[in-house]
Amino acid sequence: MAKDKAASADVCPRVDIGGQAVMEGVMMRAPHSVAIAVRRPDHSIVVQYKPYVPLSEKHKWMGYPFLRGMVNMVTMLSTGMGTLEDSTKMLGILDEEPTKFEKWLAEKLGKSVDKIVMGVAIVLAVILSLLLFMAIPAGVENFLKNAGMPVLGYTLCGGIAKILILIGYMLFAGSVKDVKRTFMYHGAEHKTVYNHEAGTPLTPQNAKQYSRLHPRCGTAFLLIVMMISILLFLVLNVLVPINNYFVRLLFHLCMLPIVAGTSYEVLKGLAHSDTKLSHILRWPGLQMQRLTTREPDESMLECAIVAMNCAPYGLPKEARRTPEGWAILHSYKDSEPEPGQEASL
């Protein structure tokens, strides 16, 4: 199957298995388990496997339409950062001797240095996101409104500012060497998901023929969030005009869960639809992924395939283990499920 055909014609099956790129590897999430596969400097593949119970099964209301999108927004932040932390541990990046300040901080706070570093990273990421995608666009809207621009004009300009900031941020991130490699693993994740959805054998040769652009990608979700926010704020700006900048900023923040919940349903609906309209509507999100994905090499596809194999089937029983319990593999073939083995879907 050609790349362009895979990008435009494939429709996701109802049982979704997806993931994210991590430090030198890929995470894949099955309905009740997660696997992370990273490539170490010695070329071995280290795999972590964790079962989990979705929040929608613990609390039924968290799986209701629109509410599940709000829940997903929160869990994406916490699990996403936790997954990155796990991948760096698996690579040994966090094994460096902490500084005296880090030791002092850990002693005072009663937490490990790793948790402090990740906690600070999460706080900084949230602050940066609020500044770039809320504070600045809200300021643009407020300035143009006070300058006399009609509601349609300043709302569209505020929304366009968000999209331009997002594109600029992605372009900048893609210019950083380590991030560029992560974008290559992002491409490997998408190709492997397509390979899985097509029902063809999971091999690097099969995976690389598919597109690196996938309709369920988080990048597409971000663009949908931007578009939904423009439409929602246009209606609300007509109904509830706001002149004060700080009130406008607070208003944008309060509406974020509603925007996220609506955007999640739109993303899922478009991903599972095969109509001409759905192809048109998801095209911008697919093109945005050209900024956050790169063509992977074969070793990256192997990592993604290992994660895809292990997420539903678990770690290979015969694989050597690290002291932490992670499996050590030397080929994607080592992760293939045994004949007759059932997946935990």
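The values are calculated or read from the model by the stated rules, or taken from the named source; none is laboratory data. Keep in mind the model is a prediction, meaning the values are calculated, not measured. Note that each Cβ is placed from the backbone with ideal geometry, even for glycine, and that neighbours are counted across all protein chains shown.
Report yes if some residue within the range 255-263 is more than 19 Å from P65 (Cβ to Cβ) and among the hydrophobic types (A, V, I, L, M, F, W, C); otherwise report no.
no
Checking the conditions here, which among L152, L144, L166 is more than 25 Å from the chain's Cα centre (by Cα) and surrounded by 15 or more Cβ atoms within 10 Å (Cβ to Cβ)?
Answer to the check: L144.
Quick one: in the range 5-22, of everything that is touching a helix residue (DSSP H, G or I) at 6+ places or on another chain (Cβ under 7 Å) and either at pLDDT 90 or above or among the small types (G, A, S) (or both), which residue is surrounded by the most Cβ atoms within 10 Å (Cβ to Cβ)?
Out of the qualifying residues, it is A21.
Are any of the residues in the range 291-298 in contact with a helix residue (DSSP H, G or I) (Cβ under 8 Å, 6 or more places away or on another chain), free of Cβ contacts under 8 Å to residues at least 40 places away in the same chain and of a type outside the set (A, V, I, L, M, F, W, C)?
No; the residues of the range 291-298 include none that is in contact with a helix residue (DSSP H, G or I) (Cβ under 8 Å, 6 or more places away or on another chain), free of Cβ contacts under 8 Å to residues at least 40 places away in the same chain and of a type outside the set (A, V, I, L, M, F, W, C).
Considering only the range 222-234, I want to know if a residue exists there that is closer than 30 Å to C310 by Cα and touching a residue at least 60 places away in the same chain (Cβ under 8 Å).
Yes, that holds for at least one residue.
When only residues in the range 130-183 that are under 21 Å from P284 (Cβ atoms) and either among the aromatic types (F, W, Y) or part of a loop (DSSP other than H, G, I, E, B) (or both) count, which is modelled with the highest pLDDT?
F183
Conditions tested, residue by residue: (1) among the polar types (S, T, N, Q); (2) buried (at least 19 other Cβ atoms within 10 Å of the Cβ); (3) within 17 Å of the chain's Cα centre (by Cα); (4) under 21 Å from N195 (Cβ atoms).
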| residue | (1), (2), (3), (4) |
| --- | --- |
| L232 | no, no, no, no |
| P241 | no, no, no, no |
| N244 | yes, no, no, no |
| S273 | yes, no, no, no |
| L281 | no, no, no, no |
| T293 | yes, yes, yes, yes |
| P296 | no, yes, no, yes |
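Filter the range 248-265 down to the residues that are touching a Leu at 6+ places or on another chain (Cβ under 9 Å) and either under 20 Å from Q20 (Cα atoms) or outside any helix (DSSP H, G or I) (or both) and list them by number.
Residue satisfying the conditions is S263 alone.
Restricting to the range 266-292, name every residue that is in a loop (DSSP other than H, G, I, E, B), under 17 Å from I163 (Cβ atoms) and either touching a Leu at 6+ places or on another chain (Cβ under 6 Å) or among the polar types (S, T, N, Q) (or both).
Answer for the range 266-292, where residues must be in a loop (DSSP other than H, G, I, E, B), under 17 Å from I163 (Cβ atoms) and either touching a Leu at 6+ places or on another chain (Cβ under 6 Å) or among the polar types (S, T, N, Q) (or both): Q289, T292.
Take the conditions at pLDDT 95 or above, closer than 12 Å to G187 by Cα and outside any loop (DSSP other than H, G, I, E, B) and apply them to M300. Does it pass?
Taking the combined requirement at face value, the residue satisfies it.
Against the definition (closer than 23 Å to A125 by Cα and not in a helix (DSSP H, G or I)), how does M76 come out, yes or no?
no
Would you be able to say whether some residue in the range 42-54 is farther than 18 Å from A307 by Cα, at pLDDT 85 or above and exposed (fewer than 15 other Cβ atoms within 10 Å of the Cβ)?
Yes, the conditions are met somewhere in the range 42-54.
Please work out if K177 is within 23 Å of T83 (Cβ to Cβ) and within 19 Å of the chain's Cα centre (by Cα).
Judged against the criteria, K177 is not a match.
I need every pair where a residue in the range 35-62 that is assigned to a helix (DSSP H, G or I) has its Cβ under 8 Å from the Cβ of a residue that is of a type in the set (S, T, N, Q), sequence separation at least 6 or different chains.
From the range 35-62, the pairs are L55/T75; M62/S56.
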